[in-house]
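One structure is given below, encoded as structure tokens.
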Amino acid sequence: MAKSSSAISAHRAQFQQTIFTQFCLISLLCLASFKLLANGDESDASAAPALSQSERMQWWSDARFGMFIHWGTYSVLGGVYKGKDYSKEFSGASAEWIKNRAKISDDEYVKLARQFNPTNFNAAEWVSLAKAAGMKYIVITAKHHEGFAMFDTKVSDYSIMKASPFKRDIIKELADECRKQGLHFGVYYSQKIDWHNEKHPGYYDLLKGQISELLTNYGDIAVMWFDMGDGNTAFNNELGALVRKLQPKTIIGSRLYAGKMPDSEKKYADFKSLGDRSVATRPVAGYGECPMTTRLNWAYAQHDEHWKSVKLLIEYLVVDAARGANMLLNFGPKPDGTFTEQDTERLKGIGKWMAVNGESIYGTKASPLNYDFPWGLITQNTGLKRLYLHVLKWNPKGIELTGILGQPSHAYLLADPARKDLVVERNGDALTVKVPAAAPDENDSVIVMEFADGIKVDADAKSGFHWKPTPVMGLSEKSGGKTTADGDTKKAGGSEKSADEGQ
Ligand code: JFZ
């Protein structure tokens, strides 16, 4: 029997309703299954094998070169308090210790925060400077011994957001900019010394709270650069475990622990932080990093004229790399948020050399020889089957090296775009590279030697470590330099540890 039009439209409406209901049910089922899958994936992710240390360290080891930044309310004083300059008063200096050295009361010192208003701070400029200099990572003081947090912490009011007129999260702005420009971002965190909070009954909770904030609110934190660990190994390990839990890829420095502790007991340390202002004096076992200053002080100091030249800083970078260590080169920005002109000049000078010679640093390993030469040192890239001879002292009569077997298939100056072949003569166990009369680079001229069959070393070859870093004020005493003002005996913080002993 034919249906009436109204019956047909009622039937159609019922049919459409059924379809819609079914569609919703199917959508919900799909959503539920995706969620389940995701959960399943998450559970797979949570079951993912823990990251090995070598996986965690790969980018860091390849990077070889990073930027260290010491910046805080101490920068306002620039090493001077009530007319007295404390930036040279004791071993290792340094302007960020001024509260301690000038014996400034906490009530007096916290007033500095009200003057910390770096209106010229521009994260893009800082990160661009580091990138152009060839640096692959930045580590900045999120909280130094003064206890002032350079980030939006909720566990203390002594921070850039609540105690300073600036009220911008420096750590967030730099972390975001590093991510944008492709640099790894890390933070220095003083966990043992905190002259403002350490007497706080819940100090350990404050530490764990701030470390959790840093590892939760700022994206990937590539490095946690703890400083001056104490003997409380259980607590140090608790902090290490907290970092691992929150961000398994975060690299942890050895200063989470007391320097004198055996490396084997530093459970969460991924790399050995060598002595302040040190240069590797011997090949470093495992992963090592030498923190270095461009002058004497770490933080900005108005009257610190102990500047290191571009040539010297490149020498130190090369010596560290040739001995298997990274160099973390420090800068102390001014209280207005800009770098000093001298630091900017050094960054540009190093960047010019790195633009031509970066291949001889990035992704390299320590020399295959357990010695070096009066003319300089060697890095190697085994994957490329290349040796890089860093000739710091040019010799127009030729550059001689021993301990390498066979004949290079190709040898050329890294600075030569044409890669014109250089003559390499063998005389017994020595190879001599015939070179132009003038060194192609005033800082470090790099000769590349390629070995088609791979780099082979004469295991019996012996010699010495000829290369001693050029001694200057602002180089650790163990590395051959001086960090004590004449006649000074007082020590700042830890003793001047040897570069070899590390932290
Ligand atoms: C620490 C800080 O006290 C200093 O202000 C700066 O931040 C530097 C990078 O690290 O200084 C130290 C830490 C450890 C030793 C010496 C100085 N040590 O163990 O010899």
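The values are calculated or read from the model by the stated rules, or taken from the named source; none is laboratory data. It should be emphasised that the depicted structure is a prediction, and the values quoted were computed from it without experimental measurement. Cβ coordinates were reconstructed from backbone atoms using ideal geometry, including for glycine residues, and neighbour counts include every protein chain displayed. Remember, those area values only see protein heavy atoms, side chains included, never the ligands or the DNA or RNA. Shrake-Rupley method; radii C 1.70, N 1.55, O 1.52, S 1.80 Å.
For the reader, a short list of remarks on this structure follows.
- Each eigenvalue of the Cα gyration tensor of the chain, multiplied by 5 and square-rooted, gives one semi-axis; in descending order these are 47, 35, 21 Å.
- Cα-based helix-to-principal-axis angle, 53-63 vs the chain, degrees rounded to 10: 60 degrees
- Overall form of segment 365-457: rounded. Here a/c, set by the Cα gyration tensor axes a ≥ b ≥ c, is under 1.5.
- Shape category assigned to segment 116-212 from the gyration tensor of Cα positions, a/c cut at 1.5: prolate
- The figure for residue 405 is an accessible area of roughly 80 square angstrom, using a 1.4 Å probe on the protein chains alone.
- The 3J(HN,Hα) values that the Karplus relation (6.51, -1.76, 1.60; θ = phi - 60°) gives for segment 217-229 are, in residue order, 9, 10, x, 5, 9, 6, 9, 9, 9, 5, 9, 6, x Hz. Gly and Pro appear as x.
- Solvent-accessible area of residue 359, all protein chains in place: 50 Å² (probe radius 1.4 Å, heavy atoms, ligands and nucleic acids excluded).
- Heavy-atom surface of the chain, accessible at 1.4 Å and reported per residue (Å²): 43 Å²
- Nearest 10 degrees, 0 to 90: helix 233-246 Cα axis against the chain principal axis: 60 degrees
- Between residue 204 and residue 395, the simple label model (points 7 Å from Cα in the Cβ direction) yields a spacing of 5.9 nm.
- Of the trypsin sites (Lys or Arg not before Pro) found in segment 62-167, the ones in coil according to DSSP and having at most 15 other Cβ atoms within 10 Å of their Cβ are 82, 103, 154, 162, 167.
- In a reduced charge model with +1 at each Lys and Arg Cβ and -1 at each Asp and Glu Cβ, the chain shows a dipole moment near 620 debye about its Cα centre.
- Rolling a 1.4 angstrom probe over the chain with all protein chains present gives an accessible area of which 55% lies on carbon and sulfur atoms.
- Where only DSSP H runs of four or more residues are counted, the chain gives -9000 deg cm²/dmol as its mean residue ellipticity at 222 nm, each run worth -39500 (n - 2.57).
- Bridgeable lysines around residue 180 (alpha carbons under 23 Å apart, same-chain partners fewer than 8 residues away excluded): 131, 136, 167, 172, 249, 348, 352.
- Rounded if a/c under 1.5, otherwise prolate or oblate - segment 336-406, Cα gyration tensor axes: prolate
- The mean sequence separation of alpha-carbon pairs under 8 Å and at least six residues apart, normalised by the residue count of segment 375-482, gives a relative contact order of 30 percent.
- Accessible surface of residue 287 - all protein chains present, 1.4 Å probe, nearest 10 Å²: 60 Å²
- Listed residue (392, 455, 140) projecting farthest to the positive dipole end of the chain, Cβ model: 140
- Each Cα pair under 8 Å and six or more residues apart adds its sequence gap; the mean of these over the residue count of the chain is a relative contact order of 17 percent.
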